[in-house]
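Participant: Okay, here's the structure, questions in a sec.
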Amino acid sequence: MENVNYMREEMAILNMVRKGLFGELVHAEGAYEHDTRYLKIRDYGDGLWLGEHFARRNGNLYPQHGLGPIAWWLNINHGDRLDYLVSMSSNARGMDLYAKEHLPADHPKRLKKYLNGDINSTLLRTVNGLTIILKHDTDLPRPYGRAHLVQGTRGIVRRHPEFKVSLERKVQDQNWEPGAKFLAEHEHPLWKQALERAWRKSGHATEPVPIGEAETKLSASITGDYLEDFRLIQALLTGVPPDFDVYDAATWSAMSALSEKSVADRSRPMDFPDFTKGKWKTNPPVKIMGV
């Protein structure tokens with residue numbers, strides 16, 4: 001499961017992709033960009049396990065936030081699949097320096113040597129010839145980001161920290177347009193109905209959801225985590241296929257291990273297993289309708 005898949009802009013992009021606004025898709029990008037050094041040195045919570053991964057592993061250790069939405073946009077395991085990847089890591093400097101500056105001299109996490117490169121860049125290619133770039137960047141000072149991008153023969157969209165769209169025009173003025181301009185027309189049905197339900201619960205049962213401050217407040221009250229859990233429970237109660245299955249989970253998780261192998265072997269290509277045993281060719285695209 002992946003909560004970022006259900007965030008409002010990511011789902012609007014899915015809707016725009018399915019409508020063909022960007023033409024034939026060619027390329028996508030994503031990332032996990034989040035300074036988590038403070039979490040890794042803690043002696044509680046995430047600190048009990050997270051730092052240990054960075055001490056003994058070297059690769060793209062958390063690809064799901066970047067890869068999850070891309071997998072839906074590109075129909076991975078549903079008409080296409082990941083074929084192979086190459087992965088490269090930078091030097092590991094951030095965690096050693098941070099632990100030295102924030103922990104007592106005899107603290108075990110200060111004495112530990114952290115192996116994972118500060119920046120990992122992984123390039124993937126699908127069987128149908130699409131390319132994907134995924135970054136992992138959590139050990140240096142930086143703002144949070146996911147750097148999503150989808151590009152096709154008719155346009156391009158960026159997401160996080162800004163939502164921007166540029167579609168092909170007759171006049172060569174290929175400027176970015178605010179993504180908010182496209183939300184009204186291309187809001188995903190799941191989000192549209194979630195907003196309507198929230199509006200009814202707020203005491204406005206017969207009025208349409210207004211575009212403006214009230215709509216912004218409503219959208220802030222609905223999280224990707226909630227919709228992720230809601231959809232799974234709905235699938236279990238009704239017997240319909242869930243939005244994710246074990247083949248998706250295996251594919252997205254395998255990327256970490258394959259990236260580690262590639263980094264350790266001078267960035268040589270690593271093949272993805274076909275967990276679906278060929279069914280990706282006939283699996284229909286993930287169908288996510290309303291709530």
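The values are calculated or read from the model by the stated rules, or taken from the named source; none is laboratory data. These figures come from a predicted structure and were not determined experimentally. When we count neighbours, we look across all protein chains shown, and the Cβ atoms used for this are built from the backbone with ideal geometry, even at glycine.
Yes/no matrix, rows are residues, columns are (1) buried (at least 16 other Cβ atoms within 10 Å of the Cβ); (2) under 30 Å from residue 184 (Cα atoms); (3) at pLDDT 95 or above:
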site	(1), (2), (3)
2	yes, yes, no
16	yes, yes, yes
30	yes, yes, yes
36	yes, no, yes
39	no, no, yes
45	no, no, yes
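Participant: Same structure again: Give me the pairs: first residue in segment 28-47 and farther than 24 Å from residue 111 by Cα and of a type in the set (D, E, K, R), second residue part of a loop (DSSP other than H, G, I, E, B) and modelled with pLDDT of 95 or more, beta-carbon distance under 9 Å, and six or more apart or on different chains, which are they?
Facilitator: 29/147; 33/138; 33/142; 33/143; 33/144; 33/146; 33/147
Participant: Considering only residues that are within 15 Å of residue 76 (Cα to Cα), in a loop (DSSP other than H, G, I, E, B) and hydroxyl-bearing (Ser, Thr, Tyr), which ones fall in segment 253-291?
Facilitator: 276, 282
Participant: Does segment 101-155 hold any residues that are touching a residue at least 40 places away in the same chain (Cβ under 8 Å), surrounded by fewer than 15 Cβ atoms within 10 Å (Cβ to Cβ) and either within 30 Å of residue 274 (Cβ to Cβ) or among the basic types (Lys, Arg) (or both), and which are they?
Facilitator: 113, 128, 131, 142, 153, 154
Participant: Hey, another quick one. Would you kindly identify the helices (runs of 4 or more DSSP H) lying entirely within segment 1-88 that contain at least 1 residues that are within 16 Å of the chain's Cα centre (by Cα) and within 18 Å of residue 288 (Cα to Cα)? I'd like the intermediate steps shown before the answer.
Facilitator: Numbers: elements: 8-18, 37-40, 50-56, 64-73.
Helices (runs of 4 or more DSSP H) meeting the threshold: 8-18, 64-73.
Participant: Which is modelled with pLDDT of 95 or more, under 30 Å from residue 152 (Cβ atoms) and in contact with a helix residue (DSSP H, G or I) (Cβ under 9 Å, 6 or more places away or on another chain), of 61, 130?
Facilitator: On the way: 130 fails: in contact with a helix residue (DSSP H, G or I) (Cβ under 9 Å, 6 or more places away or on another chain).
Just a single option satisfies the conditions, and that option is 61.
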